[in-house]
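The values are calculated or read from the model by the stated rules, or taken from the named source; none is laboratory data. Given the structure is predicted, the values throughout are model-derived calculations rather than measurements. Neighbour counts run over all protein chains shown; Cβ positions are idealised from the backbone, glycine included. The accessibility values were calculated without ligands, DNA or RNA, using every heavy atom of the protein model including side chains. Shrake-Rupley method; radii C 1.70, N 1.55, O 1.52, S 1.80 Å.
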Amino acid sequence: MKRNTILDAEIERLLEETRIIAEMAQVAVKENATAAQSQRDYLQKYEALTERYETAAAELDRLQSLRTLRTQQEKAMALFIRTLRKQLKILDVWDDTIWTVMVKKAIVHKTGEITLVFYNEMKIKVQE
């Protein structure tokens, strides 16, 4: 949860930064339209603001995607836990649902050894 709080705070900071930069660009455009000034200076200022905005917006997009991914992972883990809690005993027969919820992938090595990779990134090697 602490990671999400830090992530949310950074997203809020970037939202505010992009809003401020957009306002600064609007002010620059209005000033250019109403007051005589060097067009070279104006373009330099406007391009710097645009570059700053695009950089912040790209980072904002990246962080929002990361937050979405983490939310999806949290939901998957909650489903995994709910499914495990429904189990009344140790499994003595194959259960497709448990397999699907727990195992991300199985890697078969040339040696015949199998590595099971779980969604929590834990790995278990199984020998023949």
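Give the angle, between 0 and 90 degrees and rounded to the nearest 10, that separates the Cα long axis of helix 2-34 from the longest principal axis of the Cα atoms of the chain.
Helix 2-34 and the main axis of the chain meet at about 20 degrees.
How high is the FRET efficiency between Asn120 and Glu54 when r is their beta carbon distance and R₀ equals 30 Å, given to the nearest 0.05?
0.25
Give me the percent relative contact order of the chain, please, defined on Cα pairs under 8 angstrom at least 6 residues apart.
Here the relative contact order equals 17 percent.
With angles folded into 0 to 90 degrees, how steeply does helix 39-85 sit against the dominant principal axis of the chain? Use alpha carbons for both and round to 10.
Orientation of helix 39-85: about 20 degrees from the principal axis.
Okay, helix-only estimate at 222 nm for the chain: each DSSP H run of n ≥ 4 adds -39500 (n - 2.57), divide by all residues, round to 500 deg cm²/dmol; what do you get?
Dividing the helical sum by the residues of the chain leaves -24500 deg cm²/dmol.
According to the square roots a ≥ b ≥ c of the eigenvalues of the Cα gyration tensor, what is the shape class of the stretch 40-128, taking rounded for a/c under 1.5, prolate for a/b larger than b/c otherwise, and oblate for the remainder?
It is oblate, given that a/c is not under 1.5 and a/b is not larger than b/c.
Over the chain, what percent of the accessible surface lies on carbon and sulfur atoms, probe 1.4 Å?
Reported share for carbon and sulfur atoms: 58 percent.
With every protein chain kept in place and ligands, DNA and RNA left out, what is the accessible area per residue of the chain? Probe 1.4 Å, answer in Å². Could you put the intermediate results ahead of the total?
Numbers: 10200 Å² over 128 residues.
For the chain, the solvent-accessible area averages 80 Å² per residue.
Subtracting the Cα-Cα distance from 0.36 nm times the residue separation, let me have the gained length for Leu15 to Ala78 in nm, one decimal.
Extra length from Leu15 to Ala78 when fully extended: 19.7 nm.
On a full-extension model of 0.36 nm per residue, what is the gain between Leu7 and His109, subtracting their alpha-carbon distance, rounded to one decimal in nm?
32.9 nm
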